[in-house]
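Visitor: Structure below; questions to follow.
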Amino acid sequence: MQEAQGLTPGGWITMILSVGFVVGLFVTCISKVILGHKPVEPLHGVDNIEPPDIKEEASEKQG
Amino acid sequence: MGVILAVSGSAVGLGNFLRFPGLAAQYGSGAFMIAYFISLIIIGIPICWAEWTLGRYAGQQGFHSSPGIFHAIIRHPLGKYIGVLGAVIPVVIYMYYVYIEAWCLGYAWYYVSGQMNLGDSVQAYGDFWSRYVGATENGLAFGGGHNHVVIFLIIVFILNFIIIYRGLVKGIEFFCKYAMPALILLALVILVRVLTLGTPDPTKPDQSLINGLGYMWNPGDVGTQLRNPQLWLAAAGQIFFSLSVGFGVIVTYASYLREKDDIVLSGLTASSANEFCEVALGGMITVPAAFVFLGAAGVAGQGTFDLGFKVLPLVFSKLPLPWLFGGIFFFLLFLAAVTSSLSMLQPGIAFLEEAMHIGRKQSVAILGLLTALGCLFVVYFSRGLKALDTIDFWVGTFLIYVMATIIIISFGWVLGIRRGWEEAHKGAEMRIPNVFKFIIKYLSPLYLLGIFVCWLLFNVLGWDPQKGGLHPDARVLDLVGADPNPVARWSILWVVVVVAFFVLITASAARRWRTRDHAPAPASKPSTS
């Protein structure tokens, strides 16, 4: 049976490493699950390009 | 998310809050934690990933029960019969686990209703517990005036079956969605209370929180302790049973997942939730709290039931507002137990539905009858908890080792590492490090085999390496010793009857499954995650 004594440096290290590891692992995993998949960046094609001359033309028509 | 919560709920149980802290303190936490984390990496997480992968793989082919799953994986007439273990183990464990669940609910009620103030000695709480569970005499739990454990048993039994009858999504996942966060919240409340205990009795300055944490976490002589095979056995056993690997539960849940579901992350998340509850909550609550009020002598060598139902009630009685903190703690244990027991029923339900080709209502009725009979047997033969202990030893320990070995070999050698790797990574953002290919194929089976042989040698046959000779465990002598125990033998007979019943049902399903093998694979059920 162990004698009553406070946390030794070894005890602190064991406790912090053990608890820290499982808390870190749990938080990492849960955040990955909750945040989920990152949306894929949409690819821009010719239809998405809006050069300045087209913009001007459009604004003239509106004006 | 639903399946992750369900699997986490399955894993988080009484062992997290009662068994783990006792073992860590007993073996000197430094050495124990080294062996514990090595076991987690070599057998815990790999078997978990293997179970998730095998379950989903077979689920894609339309199989959702353990015999069906192993029929799809092993592709040999014996495969489905090997898989019967995955249906038998959880169902048989449920028969006694639900009784322990009733103890927790009963204790929570006694605290809240102010009936648990039994004085200042562990003996008084021990006597109360013995009468409550009927440990002194067979049939005592059914007698009048004995704390009404049967009433609590009926309540939890019905509760389990109501939830399971509602189905996987509306029942188990719905319950776990609220029960798991509630469980963690309650544990945090208790944790804060324990960490603010200080030195409650100034006349006993040794019994302080910091000394309690020292008792739990100080490493001792790590080098010597790591040479003790019993420590490795205890650490591996704790990882093994705590994560619910080898039960047949995870394969069943995973069989409902789709190809695009990330089972690598799901498996790791469920394991990490269990580890969080075990190390960060269980490791910080139980032993330090007991030490603060009872000192080292009151904690040393206490088993799971002793710590939970005799020592801790005395600890709570010394706290201000004992009814509140005692009630919260035992309700927390009750929630942890319910989430586990629900997961024990689902493999049986899935098996009966699939093998007998019946609906949920009929399968719930059959399983309800079967488990009620088994439970009555365990509750009636309560003297020394003989029936419970016998079934726990041979099914809850021995058969789980066997099943876990089958699972890891099925993944590494039958499905094959290359194919298994592809299956595991379908839909996965997270990659399993390649070193796990070697671990799963070689290290995990060897480690499991080593642990199993050590367990047989030391814990079953009682081999004494110093003096030599064998001193078999009482559970072995109960069965084959010079003075066998009839209750132990009937318990094993009951397990054999259940196995035979499940084997017969599997045999009757064999033709239908063979026909299905040649038909196009049906679409799998919608994902629950």
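Visitor: Considering only segment B:75-88, I want to know if a residue exists there that is surrounded by 24 or more Cβ atoms within 10 Å (Cβ to Cβ) and within 25 Å of residue B:331 (Cβ to Cβ).
Guide: No, the conditions are met nowhere in segment B:75-88.
Visitor: Would you pick out the residues in segment B:268-282 that are modelled with pLDDT of 90 or more, touching a Cys at 6+ places or on another chain (Cβ under 9 Å) and more than 7 Å from chain A (Cβ to nearest Cβ)?
Guide: B:271, the sole residue that qualifies.
Visitor: Which pairs turn up if I take residues in segment A:10-38 that are closer than 18 Å to residue B:211 by Cα and more than 7 Å from chain B (Cβ to nearest Cβ) and look for partners that are among the hydrophobic types (A, V, I, L, M, F, W, C) and assigned to a helix (DSSP H, G or I) with beta carbon separation below 7 Å, at least 6 apart in sequence or on another chain?
Guide: Filtered contacts from segment A:10-38: no entries.
Visitor: Pick from B:413, B:394: which is part of a helix (DSSP H, G or I), among the aromatic types (Phe, Trp, Tyr) and more than 27 Å from residue B:75 (Cβ to Cβ)? Step through it out loud before you land on a result.
Guide: Numbers: B:413 fails: more than 27 Å from residue B:75 (Cβ to Cβ).
Sole residue among the options that is part of a helix (DSSP H, G or I), among the aromatic types (Phe, Trp, Tyr) and more than 27 Å from residue B:75 (Cβ to Cβ): B:394.
Yes/no per residue for (1) surrounded by 24 or more Cβ atoms within 10 Å (Cβ to Cβ); (2) touching a Pro at 6+ places or on another chain (Cβ under 8 Å); (3) part of a loop (DSSP other than H, G, I, E, B):
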| residue | (1), (2), (3) |
| --- | --- |
| B:3 | yes, no, no |
| B:7 | yes, no, no |
| B:19 | yes, no, no |
| B:24 | yes, no, no |
| B:37 | no, no, no |
| B:43 | yes, no, no |
| B:51 | yes, no, no |
| B:64 | yes, no, yes |
| B:69 | yes, no, no |
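Visitor: Show me the helices (runs of 4 or more DSSP H) entirely contained within segment B:211-321 in which 3 or more residues are crowded, with 20+ Cβ neighbours inside 10 Å.
Guide: Correct list: B:229-242, B:249-254, B:263-275, B:283-299, B:312-317.
Visitor: Within the bounds of segment B:338-361, is there any residue that is within 14 Å of another protein chain (Cβ to nearest Cβ) and outside any helix (DSSP H, G or I)?
Guide: no
Visitor: Being assigned to a helix (DSSP H, G or I) and of a type in the set (S, T, N, Q) is the filter here, so list the residues in segment B:147-189 that pass it.
Guide: Step one: filter segment B:147-189 for residues assigned to a helix (DSSP H, G or I), giving B:149-165, B:168-189.
Across segment B:147-189, the qualifying residue is only B:160.
Visitor: Of the conditions (1) in contact (Cβ under 8 Å) with a residue 60 or more places away in the chain; (2) in a helix (DSSP H, G or I), residue B:192 clears all except one; give me its number.
Guide: That leaves (1) as the condition not met.
Visitor: So if I check each of B:165, B:178, which one is surrounded by fewer than 19 Cβ atoms within 10 Å (Cβ to Cβ) and within 25 Å of residue B:277 (Cβ to Cβ)?
Guide: Values: B:165 fails: within 25 Å of residue B:277 (Cβ to Cβ).
The conditions single out B:178.
Visitor: Return the residues of segment B:330-347 that are at pLDDT 90 or above and touching a Gly at 6+ places or on another chain (Cβ under 7 Å); say none if nothing qualifies.
Guide: Listed by number, the list holds a single entry, B:347.
Visitor: Against the condition under 26 Å from residue B:58 (Cα atoms) and either under 14 Å from the mean Cα position of the chain (by Cα) or in a helix (DSSP H, G or I) (or both), how does residue B:406 come out, does it pass? First the steps, then the outcome.
Guide: Numbers: under 26 Å from residue B:58 (Cα atoms): yes; either under 14 Å from the mean Cα position of the chain (by Cα) or in a helix (DSSP H, G or I) (or both): yes.
Here the answer is yes, as residue B:406 does meet what is asked.
Visitor: While we're looking at this one, here's another question. Output the qualifying pairs, or none if there are none: Cβ atoms under 9 angstrom, residues six or more apart or on different chains, first residue in segment B:26-48 and more than 9 Å from chain A (Cβ to nearest Cβ), second residue small (Gly, Ala, Ser) and not in a helix (DSSP H, G or I).
Guide: B:26/B:300; B:26/B:301; B:27/B:220; B:31/B:220; B:47/B:246; B:48/B:244
Visitor: Within segment B:246-267, which residues are within 14 Å of another protein chain (Cβ to nearest Cβ) and aliphatic (A, V, I, L, M)?
Guide: Answer for segment B:246-267, where residues must be within 14 Å of another protein chain (Cβ to nearest Cβ) and aliphatic (A, V, I, L, M): B:257, B:263, B:264, B:265.
Visitor: Condition (residue is outside any helix (DSSP H, G or I), basic (Lys, Arg) and out of contact with any strand residue (DSSP E or B) (no Cβ under 7 Å at 6 or more places or on another chain)) applied to segment B:416-430: is it met by at least one residue? Step through it out loud before you land on a result.
Guide: Of segment B:416-430, the ones outside any helix (DSSP H, G or I) are B:426-430.
If we keep only those that are basic (Lys, Arg) as well, we get B:426.
Applying the additional criterion that residues be out of contact with any strand residue (DSSP E or B) (no Cβ under 7 Å at 6 or more places or on another chain) yields B:426.
Taking every residue of segment B:416-430 in turn, at least one turns out to be outside any helix (DSSP H, G or I), basic (Lys, Arg) and out of contact with any strand residue (DSSP E or B) (no Cβ under 7 Å at 6 or more places or on another chain).
Visitor: Among the residues of segment B:379-413, which ones are among the hydrophobic types (A, V, I, L, M, F, W, C) and under 30 Å from residue B:136 (Cα atoms)?
Guide: The first filter runs over segment B:379-413 and keeps only residues among the hydrophobic types (A, V, I, L, M, F, W, C), leaving B:379, B:381, B:385, B:387-388, B:391, B:393-395, B:398-400, B:402-404, B:406-409, B:411, B:413.
Within segment B:379-413, B:379, B:381, B:385, B:387, B:388, B:391, B:393, B:394, B:395, B:398, B:399, B:400 qualify.
Visitor: Further question on the same structure: So, in segment B:417-430, exactly how many residues are free of Cβ contacts under 8 Å to residues at least 24 places away in the same chain, in contact with a helix residue (DSSP H, G or I) (Cβ under 9 Å, 6 or more places away or on another chain) and surrounded by fewer than 16 Cβ atoms within 10 Å (Cβ to Cβ)? It would help to see each step written out before you state the result.
Guide: Initially, segment B:417-430 is screened for residues free of Cβ contacts under 8 Å to residues at least 24 places away in the same chain, giving B:418-419, B:421-422.
Cutting the leftovers down to in contact with a helix residue (DSSP H, G or I) (Cβ under 9 Å, 6 or more places away or on another chain) gives us B:418-419, B:421.
Right, trim to surrounded by fewer than 16 Cβ atoms within 10 Å (Cβ to Cβ) and you get B:418-419.
Going through segment B:417-430 one residue at a time, the tally reaches 2.
Visitor: Is at least one residue of segment B:99-110 under 21 Å from residue B:305 (Cβ atoms), in contact with a helix residue (DSSP H, G or I) (Cβ under 6 Å, 6 or more places away or on another chain), not in a helix (DSSP H, G or I) and not polar (S, T, N, Q)?
Guide: No, segment B:99-110 contains no residue that is under 21 Å from residue B:305 (Cβ atoms), in contact with a helix residue (DSSP H, G or I) (Cβ under 6 Å, 6 or more places away or on another chain), not in a helix (DSSP H, G or I) and not polar (S, T, N, Q).
Visitor: Then there is this: Checking residue B:5 against (1) modelled with pLDDT of 90 or more; (2) over 24 Å from residue A:11 (Cβ atoms); (3) of a type in the set (A, V, I, L, M); (4) within 21 Å of the chain's Cα centre (by Cα): exactly one of these is not met. Which one?
Guide: Failed condition: (1).
Visitor: Quick check on segment B:183-210: of everything there that is exposed (fewer than 13 other Cβ atoms within 10 Å of the Cβ) and not hydroxyl-bearing (Ser, Thr, Tyr), which residue is nearest to the other protein chains (Cβ to nearest Cβ)? Explain how you work it out, then say what you get.
Guide: Our first condition is that a residue be exposed (fewer than 13 other Cβ atoms within 10 Å of the Cβ); within segment B:183-210, this holds for B:185, B:192, B:196, B:198, B:201-203, B:205.
Still in the running and not hydroxyl-bearing (Ser, Thr, Tyr): B:185, B:192, B:198, B:201-202, B:205.
Details: B:185: 15, B:192: 15, B:198: 13, B:201: 13, B:202: 15, B:205: 9 Å.
Per the stated criteria, the residue is B:205.
The values are calculated or read from the model by the stated rules, or taken from the named source; none is laboratory data. All of these numbers come straight from a predicted model, not from anything done at the bench. When we count neighbours, we look across all protein chains shown, and the Cβ atoms used for this are built from the backbone with ideal geometry, even at glycine.
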